[in-house]
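Structure first, commentary second.
The values are calculated or read from the model by the stated rules, or taken from the named source; none is laboratory data. None of the values given here were measured: they were computed from a predicted structure. Methodologically, a virtual Cβ is constructed for each residue, glycine included, from the backbone with ideal geometry; neighbour enumeration extends over all protein chains shown.
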Amino acid sequence: MLRTIITTFTFFFLLLPLSVMASMEVKKIQYGYSFKNKPLYAYKIADVGSNHANRKAVILTEGAHGNEYKSILEELINSPKKLEKFRAKFHKQLAAGLIFYVFPMINPDGVEKGSRLSSMGIDLNRDFDDKRLVNQESYFLVNFVENDLKDESAKALFAVDYHCCGGALLPPVELVDDIRSKKIIKAAQKSISPKFQLANTKKFFGKKFVGTLKDYWFSKLGAYSLTYESLDLESNDAIDKQINWWHESISIL
Ligand SMILES: [Zn+2]
């Protein structure tokens, strides 16, 4: 059995002078390690100013499939300028207690090799199932999120798992015809690209997959969740566009 959640080190870093920062805090947390012993990092972005009740959370993940990795989320966490933009945009929601969990690279071994699979040769996006969680990368991820949500008494509201290159938003099958999906795809078409389509995973790929991360967050946490299939590896998924789309989506949910 793997050791449960390790937050071997946790530190805060202030990105801008406090006056500008208001009370947004970005906390870098190591929540586990990959098969090849690479650290797994989460960035928890939240307001720490006061005690919040009925907290909501957003979960953003990227890099499950190393060959589809576009470093979209890295652009946010590595840029004080973008983080300030983010803070300005989500100022109200953060003050109301919203937490963002950002996971820029959930399969670092796969990203390093440009491989779809984990170091165990397993597709991470088929492993998110209570009966599986065979990869330590998936095991650590769900344990960290579930425990931290519990500690914060927070409920997951929205989850996006970044992939490439189908040019589609893929919700769990139960949410395909949901009115929220229709609004969220419209928001993506407006904020990111008019080429995006809303799709049913089974129809889109011609078969049903079990163990996807979006299905896990939906069934376990009740979050409105999506697989984000970027248009192609060269398309522009700039973080500014993502920030606008997240903002619109959260207001829909
Ligand atoms: Zn993928």
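Below is a table of values for the structure above.
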{"quantity": "Filter pass, Lys36 being within 16 Å of the ligand (Cβ to nearest atom) and over 19 Å from the mean Cα position of the chain (by Cα)", "calculated": "no"}
{"quantity": "Number of the condition not met by Phe100 [criteria: (1) in contact with a strand residue (DSSP E or B) (Cβ under 8 Å, 6 or more places away or on another chain); (2) part of a helix (DSSP H, G or I); (3) free of Cβ contacts under 8 Å to residues at least 60 places away in the same chain]", "calculated": "(2)"}
{"quantity": "Test result for Ile59, modelled with pLDDT of 95 or more and within 16 Å of the ligand (Cβ to nearest atom)", "calculated": "no"}
{"quantity": "Pair list, Cβ under 6 Å, 6 or more apart: the stretch 61-81 residue closer than 20 Å to Tyr101 by Cβ, other residue near the ligand (Cβ under 10 Å from one of its atoms) and in a helix (DSSP H, G or I)", "calculated": "Ala64/Leu124; Ala64/Asn125"}
{"quantity": "Answer residue from the stretch 181-215, given it is part of a helix (DSSP H, G or I) and at pLDDT below 90 and is surrounded by the fewest Cβ atoms within 10 Å (Cβ to Cβ) among those", "calculated": "Lys203"}
{"quantity": "Only one of Lys113, Lys155 that is free of Cβ contacts under 8 Å to residues at least 60 places away in the same chain and not β-branched (Val, Ile, Thr)", "calculated": "Lys113"}
